[in-house]
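Participant: Below is the structure I would like to discuss, written out as structure tokens.
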Amino acid sequence: MSVVPPVLSCTETEQKWHKPRTMGVKPGPVDAMVVVKPKPDATPASGIRSTLYKGYSGELLDPSTLNPLPAYADMEPDSLPLICRMNITSDKPLVDSIFGKIQTGSLPGQPKESTGSAIQYLGTATRRLASARLPFIHPYLLNCGNKTMANNFARILSSKRNVGILSLIGAGSLTAGFLLNHEHVTAGAQVRRVYPASAEYPDLRKHNNCMASHLTPAIYAKLVEKATPNGYSLDQAIQTGVDNPGHPFIKTVGMVAGDEESYEVFAELLDPVIKERHNGYDPQTMTHPTDLDSSKLTSGNFDERYVLSSRVRTGRSIRGLSLPPACTRAERREVERVVVDALAGLKGDLAGTYYSLTHMTDQEQQQLIDDHFLFDKPVSPLLTCSGMARDWPDARGIWHNNTKTFLIWINEEDHTRVISMEKGGNMKRVFDRFCTGLKEVERLIQEKGWEFMWNERLGYILTCPSNLGTGLRAGVHVNLPKLSKDPRFTKILDNLRLQKRGTGGVDTAAVGSTFDISNLDRLGQSEVQLVQTVVDGVNYLIDCEKKLEKGQDIKIPPPLKK
Amino acid sequence: MGSQWLRVCPDLIPRTVTSFSCLVCSVRNAIMPFGNTHNNFKLNFKVEEEYPDLTKHNNHMAKVLTKDMYAKLRDKQTSSGFTVDDVIQTGVDNPGHPFIMTVGCVAGDEESYEVFKDLLDPIISDRHSGYKPTDKHKTDLNFENLKGGDDLDPSYVLSSRVRTGRSIKGYTLPPHNSRGERRAVERLSVEALNTLDGEFKGKYYPLNKMSDAEQEQLIADHFLFDKPVSPLLLGAGMARDWPDARGIWHNDAKSFLVWVNEEDHLRVISMEKGGNMKEVFRRFCVGLKRIEETFKKHNHGFMWNEHLGYVLTCPSNLGTGLRGGVHVKLPKLSTHAKFEEILTRLRLQKRGTGGVDTASVGGVFDISNADRLGSSEVDQVQMVVDGVKLMVEMEKKLEKGEAIDSMIPAQK
């Protein structure tokens, strides 16, 4: 260290908000103007309708229907909710409040306690909390009667772990809302306020990602009430998309799943996002084919004068454990344990060693860096904002076989990332090893009673919706000096359903004329189909390159079916 | 019932009662959205499995949090749902630096300092020079008690500044709050600030609605704050939903400035060019008192108690939360062997002119008080005033080639 850092560190660095930050993504020249309609199915007539309130015309209901006392008639007096103890009638004198004139005795009109005494109330509340064991189930929930109002409450309450009721007092003069939280309502305790969905809805006007395109206020209001059985909420799922507005040229997904159930509980938002990201694949109606029979692959050997290396990667999640955005330390350590246990059972050319990020020696670290295997704490805000980098580097590590052709990352962006790679153009052998290795690992974890997250609608379940289905990216590093300068290059790639990246991976530029060419699609086609697409496509590109070398002309291929 | 403390959100009042269906309108999860809201689920795992690996960590939290303490605290939560894992997440994610001892934990609401007392009291004691759980903190915002401060030599002291933070009672703090809560804080703050008049009359500039011209001007005035980049802050979750409900308010004279929803609910700053710290402090105290009055009128005081003083997000800012400082030219003194020693004895700290974590430019340093808790605002600014005066004298002596050994003070 050349400079001794200051003693205390805090926040007041000179900021550069006014300078553009593009995180390595720089706008480039535009080949064609693409006009996209924001919502292909929307008409000017359909707008956003609020589902919080329904328009109702007709006679106002008799206010006596709002009387809570009959509904709670058979409850113990000391466990009645607050609304019953307030003695609400329409003939109370009015007093001033910040809302104007309201009835005496109503909640907004309560006397305000002085600043200094609040800490005493806090003390009472915390002493109660300190003795309370979670989860707290109010006795009311255990014996709710047959009253319709009680049933409504019970159904709503029992779906949440904490007891919170938001209700309106509609007794004539003023309607007000307040929060009832049974376990925390004690004399002098500070009752927490809760906001309606409209106050919580994120400001997405400057955002360009799939989540922002599909999260209407109505969907937000509906889903924000819900949580998965592990407690993962909608706000957590969309946080990364709210924090990262996106880029005008690149449309990111903007949300993640915290666990397998997220794809069910938040289906109303995730299904349109998946549909947009995966070319119209509709999880409600379609099924995803899984095929790991590598023997079906044809022509998988590339001309090594052009193809420098071949690689296939995918991800797998362990069913029953939360995904990286939501997992606790214990769950993450469990993932590590389960996977490392299974990998220890691999034999033959798959036998290998595990290197935990926390316990790695300097020598091992240097070797992994030299092999280009080492992954580091994510820096992209797209990832860090979703919470997947918490507790780094606890329970993270790298496993690879002795021949360094089969590699597994543990607890990086997904539970596991499985990579098969080799120098040269033998994609067939790379894919063979990929499939064999995956099947072996699956067999080994099944022996211990675990399995991968998979279902028929979505294929293999991973953290990012963009990786659903196969989660597979099969690619090559290929040298195409002439073709890459041809103006038709991008169109050819598009029609072949391929994408190019720089040789450093996503968000990097190409070095010289060597590109990383891989499949665009993930969901809706099987592993065999996608790798075949890459094989056929890369062979076509090499063919074009050869033609250009000989001075012949090339043709743009017809677009492949998506 | 009379002592029920409630808050009603005006947003919940519909304009008209139009339908029976709006009676039971929504049952929101009582827990704030961000963080380890599934605390109950975590309790299914044993303590050993959940306890973080702090072997390579160097921060106050790691020094204090034993496995037994974690076991004791992990099933607790504040009434807004803040858990011990939320408190320590930033400290777990940022192991620290061998030379710098960071705090490594944050509070999510006022109650955190009670519920997680067992963890936070030793940290507070460590960070604030042995402050005991039974100690009382003195608050003194009477600017007339400051002696001197209007005579710092302007050829050395380039600018003077005092800042502090305030949290609005009853609202959760930036690591924990939801968008709705943060927007409510913004609304309240802007309402209160817009009632200020006289020398404090000013305007609010929300970060997400600023025009380019306004932005340029705020940058030129050195007022604009940006999304935090420090992983210490990001790890605690206070930069979520940026720039929603964040903004800057300043008076027309550009000498009094309030940041809304940055690291704390409010950061109040008084500054001007030159060395008149007395005036800066006067404006600071008067402005703060006015703001506090306005908030109280709307039934929202600031978070304060006798033991911890003003309650803020980071335990290092408890007490006064005050950092009073100057930009001062000390090219010769800063290269003197005893510079650090002098600063420590005067209970001052130095930073570069870009603020914390920056280097000094041209021998100009940001010198400010090191203490926050256990001494009053007046005491702390007095230390800055006296200390800087002494250091400027030393600088002058060194310019003349004289020795300063006799001037080196005793430990304050």
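Taken together, the values in this text are just the output of simple stated rules run on the coordinates, not laboratory data. Since the model is a prediction, treat every value here as computed from it, not as a measurement. Note that we place each Cβ from the backbone using ideal geometry, even for glycine, and neighbour counts take in every protein chain shown.
Participant: Amide H to amide H under 5 Å from B:L173: which residues, 5+ apart in sequence or cross-chain, H placed 1.01 Å off N in plane?
Facilitator: For B:L173, whose amide H was placed from the backbone, the distant partners under 5 Å are B:D109.
Participant: When a footprinting reagent is the concern and you count Cβ atoms within 10 Å, what order do A:R85, B:R323, A:R329 take, fewest first? All intermediate terms of the calculation are to be shown ahead of the outcome.
Facilitator: Working: A:R85 11, B:R323 25, A:R329 20.
Ascending Cβ contact count within 10 Å gives the list A:R85, A:R329, B:R323.
Participant: Can you sort B:S112, A:S484 so the residue with the fewest Cβ neighbours within 10 Å comes first?
Facilitator: A:S484, B:S112
Participant: Looking at region B:257-412, what % of its DSSP beta bridges pair antiparallel, to the nearest 5? Mind showing how you got there, number by number?
Facilitator: Numbers: 18 of 19 bridges.
Here the antiparallel bridges make up roughly 95 percent for region B:257-412.
Participant: Put a dot 7 Å past each Cα toward the Cβ at A:S79 and B:E293; how far apart are the dots in nm?
Facilitator: Those two pseudo-labels are separated by 5.1 nm.
Participant: For region A:453-562, which GluC sites (Glu not before Pro) pass both filters: DSSP loop (anything but H, G, I, E, B) and at most 16 other C-beta atoms within 10 Å? All intermediate terms of the calculation are to be shown ahead of the outcome.
Facilitator: Numbers: sites: A:E456, A:E527, A:E545, A:E549; in loops: A:E456.
Here the sparse-neighbourhood loop sites are A:E456.
Participant: Read phi for every residue in region A:238-243 and hand back ³J(HN,Hα) as whole Hz from Karplus 6.51 cos²θ - 1.76 cosθ + 1.60, θ = phi - 60°, with x for Gly and Pro.
Facilitator: So the Karplus estimates, Gly and Pro as x, are 9, 3, 5, x, 6, 6 Hz.
Participant: Let me confirm one metric for peptide A:194-206, namely the mean number of other chain beta-carbon atoms within 10 Å of its residues' beta-carbons. It would help to have the intermediate numbers written out before the result.
Facilitator: Working: counts 12, 11, 8, 4, 3, 11, 9, 2, 4, 8, 0, 1, 2.
Average neighbour count from other chains, rounded to a whole number: 6.
Participant: Multiply the residue gap between B:N208 and B:I408 by 0.36 nm, knock off their C-alpha separation, and tell me the result in nm, one decimal place. Walk me through the numbers on the way to the answer.
Facilitator: Working: separation 200, 0.36 × 200 = 72.00 nm, distance 4.96 nm.
So the chain would gain 67.0 nm between B:N208 and B:I408.
Participant: At 222 nm, what value in deg cm²/dmol follows for chain B if DSSP H runs of at least 4 each add -39500 (n - 2.57) and the sum is divided by all its residues, to the nearest 500?
Facilitator: Numbers: 13 runs with 124 residues, N = 412.
Result for chain B: -8500 deg cm²/dmol, rounded to the nearest 500.
Participant: Also, I was wondering about something else. Can you tell me which aspartates and glutamates have their Cα less than 19 Å from the Cα of B:K397? Leave out same-chain residues fewer than eight positions away.
Facilitator: Cα-Cα hits under 19 Å: B:D151, B:D153, B:E340, B:E341, B:D386, B:D405.
Participant: Sticking with this structure for a sec: Work out the mean other chain Cβ neighbour count within 10 Å for the residues of A:389-396 and drop it here as an integer. Working shown, then result.
Facilitator: Values: counts 4, 8, 6, 5, 3, 5, 1, 0.
Mean inter-chain Cβ contacts per residue within 10 Å come to 4.
Participant: Can you tell me the FRET efficiency between B:A220 and B:H97 if r is taken as the Cβ-Cβ distance and R0 is 41 Å, rounded to the nearest 0.05?
Facilitator: Working from the Cβ atoms, E equals 0.75.
Participant: Continuing with the same structure: May I ask you to derive the FRET efficiency for A:D303 and B:V229 from their Cβ-Cβ distance with R0 = 60 Å, giving the value to the nearest 0.05? Present the calculation step by step, with values, prior to reporting the outcome.
Facilitator: Values: r = 47 Å, r/R0 = 0.78.
Calculated value: 0.80.
Participant: At 7 Å along the Cα-to-beta-carbon direction for both A:W454 and A:Q365, put a label point, then send me their distance in nm to one decimal.
Facilitator: Once both label points are built, they end up 3.7 nm from each other.
Participant: Another one. Where a Cα-Cα gap under 12 Å defines reach, which aspartates and glutamates qualify for B:K254, not counting those fewer than 8 residues away within the same chain?
Facilitator: Cross-link targets: B:E199, B:D221, B:E272.
Participant: Among A:D91, B:D150, which comes first, then next, by fewest other beta-carbon atoms within 10 Å?
Facilitator: Numbers: A:D91 6, B:D150 15.
In order of increasing Cβ crowding within 10 Å: A:D91, B:D150.
Participant: Quick one: what are the phi-derived ³J(HN,Hα) couplings along region A:373-379, Karplus 6.51/-1.76/1.60 with θ = phi - 60°, whole Hz, x for glycine and proline?
Facilitator: Using θ = phi - 60°, the values come out as 9, 6, 9, 10, 4, x, 10 Hz.
Participant: With a 10 Å radius around each residue's Cβ, average the other Cβ atoms per peptide and rank B:45-55, B:223-233, highest first.
Facilitator: On the way: B:45-55: 15.8, B:223-233: 19.1.
Peptide ranking by packing, descending: B:223-233, B:45-55.
Participant: Could you list, in their original order, any pairs among A:K377/A:K448; B:K147/B:K273; A:K491/A:K547; A:K423/A:K482; B:K147/B:K412 whose Cα atoms are separated by more than 28 Å?
Facilitator: A:K377/A:K448
Participant: Could you calculate the FRET efficiency of A:T285 with A:N495 from 1/(1 + (r/R0)^6), where r is the beta carbon distance between them and R0 is 22 Å, rounded to 0.05?
Facilitator: Details: r = 27 Å, r/R0 = 1.22.
My answer for the efficiency is 0.25.
Participant: Could you tell me what percent of the DSSP beta bridges with both partners in chain B are antiparallel, to the nearest 5? Don't jump to the answer; show the numbers that get you there.
Facilitator: Values: 44 of 47 bridges.
Once the DSSP bridges in chain B are tallied, antiparallel ones form about 95 percent.
Participant: Also, I was wondering about something else. In whole angstrom, how far apart do the alpha carbon centroids of region A:401-435 and region B:211-267 sit?
Facilitator: Result: 46 Å between the Cα centres.
Participant: Once the piece of chain linking B:K63 and B:D75 is laid out straight, how much longer is it, given 0.36 nm per residue of separation minus the C-alpha distance between them? Intermediate values should be presented prior to the final figure.
Facilitator: On the way: separation 12, 0.36 × 12 = 4.32 nm, distance 2.10 nm.
Length gained between B:K63 and B:D75: 2.2 nm.
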